[in-house]
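The values are calculated or read from the model by the stated rules, or taken from the named source; none is laboratory data. These numbers come from a predicted model, not from an experiment. Heads up, the Cβs are rebuilt from the backbone with ideal geometry, glycines too, and the neighbour counts pull from every protein chain shown. When the accessible area is computed, the model is the full protein with side chains, heavy atoms only, and any ligands, DNA or RNA have been set aside. Shrake-Rupley method; radii C 1.70, N 1.55, O 1.52, S 1.80 Å.
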Amino acid sequence: MPINRLSDIEENLESLREQLGGKEKALVLARLEDKILIKQQIRELCKEIQEEEEKYWQVFARQTKTVEIPEPEAEIIVAEIVEEVGQIEVQRQYPDEVVQILQEIRDKLNQPGATAAAKLKGVISSIPPFVGISYEAELDTENFLQQHFPTFQKWAKVLAKKS
């Protein structure tokens, strides 16, 4: 699958998220008898978003095998991830499943021997399972990554735009 597939999927995700935002606003303003239908539509949109996010991370993981990650950038991203995982553990604001997956990612990044770029590529392959639990655990993956891992998120967007 070509790298430009990432930007296509990002566009789809943006559109679905806009639809979701519209439905959430409509739910607040809706008559009581319309609320159930809107809630069902919201659930369906959440499923679609989850499926698109899973596709995105699968394509992203495949692409990182062919894209060179500069070592200085990889070191910054790895340091950010390790630091943020530590803070997330202390805060305990996310479900245990999410914290456990993040701990596994941190452990991969802390393994001795490999370069930061190699470690980062290994971690990227760990992310799709993380996305798979996003809505079950009521976690907005995009905002979560933006809030806690902004450097990684910027790098991912750069990779998607290279298409």
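Quick rundown of the values:
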| quantity | calculated |
| --- | --- |
| Charge dipole magnitude, Cβ of K and R +1, D and E -1 - region 47-99, Cα centre, debye nearest 20 | 180 |
| Region 1-107 - Rg over Rh from alpha carbon coordinates, Kirkwood radius | 1.09 |
| Set 23/47; 47/121; 55/119 screened for pairs whose C-alpha atoms are more than 20 Å apart | 47/121; 55/119 |
| Alpha-carbon centroid distance for the pair region 12-49 / region 68-101, whole angstrom | 31 |
| Cβ-defined net charge surrounding residue 87, 14 Å radius [Lys, Arg +1; Asp, Glu -1] | -2 |
| Probe 1.4 Å, protein heavy atoms only - accessible area per residue of region 23-87 in square angstrom | 63 |
| Residue 47 accessible area, 1.4 Å probe, all protein chains in place, Å² to nearest 10 | 110 |
